[in-house]
Amino acid sequence: MNVVCEGQTEETFIKEVLAQYFNSQEIAFNPINLGGLNKKGQFHKFKRRIQNLCRRDSSAWVTTMVDYYGFPVELPGKSTPGSPKIKAKALMENFKEEIGENNFIPYIVLHEFEALLFSKPDAFSSWFPEDEVNELIKVRNNFESPELINDHSETAPSKRILNNCKNYDKIVHGTLISLEITLETIRKECPQFNDWIKQLENLKFKSKGLSKPLP
């Protein structure tokens, strides 16, 4: 299972959290970090890389773990009216069509990786003072789901964390906190993330070799 991501934090999360979970199902995860996607024109490079991965081994699945927040506007769907869930669904449908490969499964994180950490904000207490953690709990309580914490440049999940936890380091703390939260809790609190995991769980592998990572 090749998982295309856009940052070191996501890459580590895939290795330390997702790969460990799917290891029991004999599905090997191979994270591929392509860097940021928010620069103009970056999507076309991103698209070509995914298509090349899909075509290099049509028996291997390729998926993504990229942020909705910084996703390139070149792909239709981001301006779709409706809730964030509707927008993300439209974006992923267009993404799937744009790539045009049967072994591709798009996943776009609502609204960014840090939203997953709001699944259980008191998990921050191992690294941050109580008053800072309490502010994160207040943020979480204002939303039905962590995935609905909005994507404005000043109110995106990562900005909310940084505004309250001044020493937060995405690369250092991101995966450690997610491990503290547990994958089970993240799935329970984040429906769209859980839908993606279910898709991966339900994939049919013709043989054990199909999940081997590309070199």
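Rule-based calculations on the coordinates, nothing more; no lab input. This is a predicted model, so every value here is computed, not measured. Here the Cβ positions follow ideal geometry from the backbone for every residue, glycine too, while neighbour counts run over all protein chains shown.
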Exercise for review: For V4, enumerate residues with amide H under 5 Å from its amide H, sequence gap 5+ or separate chain, H modeled in the peptide plane.
Suggested key: I32, T63, T64, M65
Point to revise | Paramagnetic reach from S59 (point 7 Å along Cα→Cβ, amide N under 19 Å) across the range 1-22 | key: 1-3
Exercise for review: Find out how many positive minus negative residues lie around E132, taking Lys and Arg as positive, Asp and Glu as negative, among other residues whose Cβ is under 12 Å from that of E132.
Suggested key: -1
Point to revise | Helix-only CD estimate at 222 nm, as mean residue ellipticity for the chain, using -39500 (n - 2.57) per DSSP H run (n ≥ 4) | key: -13000 deg cm²/dmol
Review point. Efficiency by 1/(1 + (r/R0)^6): what FRET value for S79 and N23, r their Cβ-Cβ distance, R0 = 35 Å, to the nearest 0.05?
Key: 0.35
Practice item. With springs only between Cα atoms under 10 Å apart, run a GNM on the chain and tell me which of G35, G82, G100 wobbles the most. Key: G82
Practice item. Mind giving me the nanometre distance, one decimal, between the label points for E201 and S126, set 7 Å out from Cα along Cα→Cβ? Key: 2.3 nm
Study note, to complete from the structure: Checking I105, I86, I149 against a Gaussian network model of the chain (alpha-carbon springs below 10 Å), the top fluctuating residue turns out to be I86
Review point. Relative to the longest principal Cα axis of the chain, at what angle does helix 191-201 sit, 0 to 90 degrees, rounded to 10?
Key: 30 degrees
Review point. What is the sum of charges around G7, taking Lys and Arg as +1, Asp and Glu as -1, for the other residues whose C-beta is under 9 Å from the C-beta of G7?
Key: -3
Exercise for review: Run the numbers on the range 85-215 and let me know its relative contact order in percent, using alpha-carbon pairs under 8 Å that are six or more apart.
Suggested key: 26 percent
Review point. Roughly how big is the chain's charge dipole about its Cα centre, with Cβ charges of +1 (Lys, Arg) and -1 (Asp, Glu), in debye to the nearest 20?
Key: 960 debye
Exercise for review: DSSP loop (so not H, G, I, E, B), at most 11 other Cβ within 10 Å: list which chymotrypsin sites (Phe, Trp or Tyr not before Pro) in the range 149-200 pass both filters.
Suggested key: none
**Study point:** Projected label distance in nm at N141 and R49, using a 7 Å step from Cα toward the beta-carbon
**Key:** 4.1 nm
